[in-house]
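Trainee: Before we start, here is the structure in question, set down as structure tokens.
Each reported figure results from applying straightforward, stated rules to the coordinates on display, with no laboratory input. Computed from a predicted structure; not experimentally measured. Here the Cβ is made from the backbone with ideal geometry for all residues, glycine too, and neighbour counts use every protein chain on show.
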Amino acid sequence: MTIFFGDGTSVSTAPGGGLFSSVAIFQYRRGGTTSEGTFSSGHHRTRFLNHELSDPDNIASVSNNQITLGAGTYTVSWSAPAYKVSAHTTRWKNVTDGTDIAEGTTHYNHRVHDASSSLSYGWCTFTISGSKAFELRHRGEDTKNDNGFGVNPANTGTNGIGAQVTIFKHA
């Protein structure tokens with residue numbers, strides 16, 4: 001299997017015998033001068049996902065910020081930035097069944113004195129018997145207008161990448 005990356009590079013994996021049969025990577029990409037959006041405190045908010053970076057075997061699809069997977073066993077990893085929202089954490093949610101699959105790490109960036117972002121990460125392994133839709137959710141302690149979900153990458157010469165989800169399908 002060959003995995004293709006957005007910068008035009010690729011990597012080939014060794015054939016057969018591994019734990020995983022395929023991998024897919026999804027991200028939120030925004031324009032070079034656009035922040036990721038307002039982070040409203042209180043409930044877990046759905047993170048934006050709008051770009052398929054790699055999915056050579058078509059194991060998943062993304063639409064309306066939801067990733068749909070077919071029957072099988074998967075290991076999923078994710079990360080999502082937050083800016084000036086104090087404590088924040090992520091969650092992987094099966095929206096088809098209305099169940100939470102796993103919680104991500106909790107991190108902290110002060111809403112007033114800290115000018116840095118931090119990422120919440122998570123990992124989980126699960127099995128589904130049919131097609132299901134999933135979302136990456138994020139909860140913050142404080143509301144941060146305009147850029148609480150991530151600051152814009154102005155002057156970096158790149159499009160900003162916010163949340164990212166990597167999905168490994170088990171062999």
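Trainee: What residues of segment 47-65 lie in the reach of a label at F4, counting those whose backbone N is under 15 Å from a point 7 Å from the Cα along Cα→Cβ?
Mentor: Under cut-off, by backbone N: 52-59.
Trainee: Would you calculate the separation in nanometres between label points at V11 and A171, each defined as 7 Å from the Cα along the Cα-to-beta-carbon direction?
Mentor: Inter-label distance under the simple model: 1.7 nm.
Trainee: Using Cα positions and a limit of under 18 Å, work out the lysines in reach of K144, with same-chain residues fewer than 8 apart set aside.
Mentor: Cα-Cα hits under 18 Å: K84.
Trainee: Going 7 Å from the Cα of F20 along its beta-carbon direction, which residues of segment 116-151 have the amide nitrogen within less than 17 Å of the resulting point?
Mentor: Under cut-off, by backbone N: 121-128.
Trainee: Treating only the Cβ of Lys, Arg, Asp and Glu as charged (+1, +1, -1, -1), what charge dipole size does segment 52-157 show about its Cα centre? Round to the nearest 20 debye.
Mentor: 220 debye
Trainee: Something else: Test of understanding: extend the Cα→C-beta vector of T46 to 7 Å, then name every residue of segment 79-106 with backbone N under 11 Å from that spot.
Mentor: Hits in segment 79-106 for T46 at 11 Å: 95-96.
Trainee: With label points built 7 Å along Cα→Cβ from the Cα atoms of T38 and E103, find their separation and express it in nm.
Mentor: 2.8 nm
Trainee: Give me the lysines in straight-line cross-link reach of K132: C-alpha distance below 28 Å, same-chain residues under 8 apart excluded.
Mentor: K93, K169
Trainee: Excluding K169 itself, what net charge comes from residues whose Cβ is under 12 Å from its Cβ, given Lys and Arg +1 and Asp and Glu -1?
Mentor: -2
Trainee: Here's something else I'd like to know. Choose one of H107, L53, V76: the residue whose Cα lies farthest towards the positive end of the charge dipole of segment 50-115 (beta-carbon charges +1 Lys, Arg; -1 Asp, Glu; about the Cα centre).
Mentor: It is H107.
Trainee: Near S61, within a Cβ-to-Cβ distance under 10 Å, what is the net charge of the other residues, with Lys and Arg +1 and Asp and Glu -1?
Mentor: That sum, taken over residues with Cβ under 10 Å, equals -2.
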